[in-house]
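Coordinate-derived values only; no laboratory data. Keep in mind it's a predicted model, so treat the numbers as computed, not measured. Cβ coordinates were reconstructed from backbone atoms using ideal geometry, including for glycine residues, and neighbour counts include every protein chain displayed.
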Amino acid sequence: MAIVPLNLAKSILRVDFDADDAVLSFYLDAAQAFIERHTRRYLSPRSLIKHLRSFSSNEVTLPFPPFNSLTSITYRDTDGLTQSLTSANYILETSGAVTRVRFYGDLPDLDEDEPRVSITWSAGYAAGAVPTDLQLAVIRLAGTYYMNPEAVSMLNLMSVPFGVKAVIDAWALPTLEGEGPD
């Protein structure tokens, strides 16, 4: 999960021994998770799924950029079987910070007992593609956890170093209605 190599973090934080490698790795993971939650961006690739009750909305926003690829859009048909939606019935709009799926055309009927549409996609920065300032924010926050663990809470942004907070605020996306994969 770590986007920052341990040896780079140790060099920047001036840690020149190996005894605390496990602790520092843990803090790097915790710092990355904190920054991902705050910015609503995934810093490493992962697969996500969003479930819908129907095609009732013509547009669905896929949260947690950057968007990499659409894996599938599936639905339960009137016979209760899972089918793939043809690309003739949707378009991906990838301009801007978030990606949207727009449904159109003659959409299939869904199972009335268990209507379910599932959108599966890949999101997150590829290895080596995370912006440098976000990498540094992860290192600085992990360093704060490491040097003064009592002062920093995962819920307390007031104790997050100003330089880290400034960077993650700049990258943060607004909360979207219905945000989040299932």
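The magnitude of the dipole of the stretch 6-93, with charges of +1 and -1 set on the Cβ of Lys/Arg and Asp/Glu and taken from the Cα centre, is near 260 debye. For the stretch 8-15, putting each phi into the Karplus relation 6.51 cos²θ - 1.76 cosθ + 1.60 with θ = phi - 60° gives couplings of 5, 4, 5, 5, 5, 7, 6, 9 Hz, in residue order, rounded to whole numbers and with x for Gly and Pro. Taking label positions 7 Å along the Cα-Cβ direction at both Asp133 and Asn148, the computed distance is 2.3 nm, reported to one decimal.
Each Lys or Arg adds one and each Asp or Glu subtracts one; over the other residues with Cβ under 10 Å from the Cβ of Tyr75, this totals -1.
For every other residue with a beta carbon closer than 15 angstrom to the beta carbon of Arg14, add +1 if it is Lys or Arg and -1 if Asp or Glu, then tell me the sum. Residues near Arg14 contribute -2 overall.
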